[in-house]
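The values are calculated or read from the model by the stated rules, or taken from the named source; none is laboratory data. It should be emphasised that the depicted structure is a prediction, and the values quoted were computed from it without experimental measurement. As a convention, Cβ positions derive from the backbone with ideal geometry for all residues, glycine included, and neighbour counts pool all protein chains shown. Just the protein is used for accessible areas: all its heavy atoms, side chains included, with ligands, DNA and RNA removed. Shrake-Rupley method; radii C 1.70, N 1.55, O 1.52, S 1.80 Å.
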Amino acid sequence: MGAIGIHHVTAIAGPALRNLDFYTRTLGLRLVKKTVNFDDPGTYHLYYGDEAGQPGTILTFFPWDHAAPGRLGVGETQEIVFCVPEAAIGFWSHRMIEKGVPHEPLIKRFGETVLAFRDPDGMRLALVARSGVDAASGRSTPDIPADHAIRGFHGVSLLIEEAQPTAAILTDVLGFRETARENSLIRFTGDAAFGRIVDLRAVGGFLKPRFGAGTVHHVAFRAADDAAQAKMVRKLADNHGITATEQKDRNYFRSVYFHEPGHILFEIATDAPGFAIDEAPAELGQALKLPPFLEERRAEIESRLPDLG
Ligand code: ZN
């Protein structure tokens, strides 16, 4: 069935330029695709990731200039976690102070050091110091040395009312295994190099989420290809009574969507074809890319999008 893990995470942001600045300059991720929301072409869809834009490293945003702030609640993704080499966590602690990024003191979670911080929209992010990730090459920027760079996702934590129904989807349909428990957290682990962790935090339903800037829209999981995706969709229906949407062509992957029992929107996205389908690997993210069905409207679309400099 291919690698088990997160393919990408998609969130809502405030102004596009502020979002671009934070993720590419402060965090040092690469803008690997600049396109529009295919369902709402007046809005950017910005994709950040590692140098090659591999599944397991991709965080995407729909930025809106006037997005109202969201509020975290039950039935939502609580935190998106990236991993860095163990020796880099001091560099990042210092960098959060230097760049004025709101952050918390280092804590231990499942034996690993965690640095929690917020993006400019207040979205909850964290870096985990993970042993062995320095084997993957990092992307250097003018002020982030390659050996300290973010390598990709560690995982996400999901805030839900009760763990068991969501756990059943993670294990039976998506291929994760329960590997650890700590306080109110249950950890599920896949086998992908990046994005292999999903932590469930069951809290009982006390706070309704409000979607808006700084909230996660959905979490996408990996399927090797269409056949693997179709198999997961069948299992979802046969074993859990959940019907996924029809497959949608997202140009860089093909996707189905469903709400898992804890009300979080999940996607299953194919690894293929990837971000190099319409741009050379060296040029990823430079030009505004549109899917064929929007290309004839390019002039109108470009005139409505904010300038990213
Ligand atoms: Zn998606």
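Comparing Cα centroids, the range 234-261 and the range 66-88 end up 24 angstrom apart.
Summed over the residues of the chain and divided among them, the accessible surface reaches 43 Å² per residue at a probe radius of 1.4 Å. Projected onto planes of every orientation and averaged, the convex hull of the alpha-carbon atoms in the range 204-309 covers 9.7 nm².
Here the range 1-97 is treated as a Stokes sphere of Kirkwood radius computed over C-alpha pairs; at 4 °C and 1.567 mPa s its diffusion coefficient rounds to 86 µm²/s.
When a/c reaches 1.5 or more, the comparison of a/b and b/c decides; with that in mind, is the range 32-76 rounded, prolate or oblate per its Cα gyration tensor? Oblate, since a/c reaches 1.5 and b/c is not below a/b.
Among the GluC sites (Glu not before Pro) found in the range 124-222, those both in a DSSP coil and sparsely packed, with 16 or fewer other Cβ atoms within 10 Å of their Cβ, are Glu161, Glu162. Applying a DSSP loop filter and a limit of 14 other Cβ atoms within 10 Å to the trypsin sites (Lys or Arg not before Pro) in the range 253-309 leaves Arg297. Report summary: the helix-based calculation at 222 nm, which adds -39500 (n - 2.57) for every DSSP H run with n ≥ 4 and divides by the residues of the chain, gives -4000 deg cm²/dmol. The magnitude of the dipole of the range 6-304, with charges of +1 and -1 set on the Cβ of Lys/Arg and Asp/Glu and taken from the Cα centre, is near 460 debye.
Running a GNM on the chain with Cα contacts under 10 Å, which residue among Glu260, Glu98, Glu246 ends up with the highest mean-square fluctuation? It is Glu98.
If both residues of a DSSP beta bridge must be in the chain, then about 65% of such bridges are antiparallel.
Shape class of the range 67-119 from the alpha-carbon gyration tensor: oblate, with a/c at 1.5 or above and b/c at least as large as a/b.
Would you please classify the overall shape of the range 90-244 from the alpha carbon gyration tensor, given that a ≥ b ≥ c denote the square roots of the eigenvalues, rounded means a/c under 1.5, and beyond that prolate means a/b larger than b/c while oblate covers the rest? Cα axes put the range 90-244 in the prolate bin.
Computed from phi, the 3J(HN,Hα) profile of the range 97-106 under the Karplus parametrisation 6.51, -1.76, 1.60 (θ = phi - 60°) reads 5, 4, 8, x, 8, x, 8, 10, x, 4 Hz, with x in place of Gly and Pro. Surface composition of the chain: carbon and sulfur atoms hold 52% of the protein heavy-atom accessible area at a 1.4 Å probe.
Pairs of Lys residues in the chain that lie 8 or more places apart, or on two chains, and have C-alpha atoms under 22 angstrom apart add up to 7. Taken over the Cα atoms of the chain, the convex hull encloses 127 Å³ per residue.
Of the chymotrypsin sites (Phe, Trp or Tyr not before Pro) in the range 88-128, the ones in a loop by DSSP (not H, G, I, E or B) with at most 16 other beta carbons within 10 Å are Phe110. Summarising the amide proton neighbourhood of Asn251: residues at separation of 5 or more, or on other chains, whose placed amide H is nearer than 5 Å comprise an empty set.
Centroid-to-centroid, using Cα positions, the range 163-211 and the range 24-45 are 27 Å apart.
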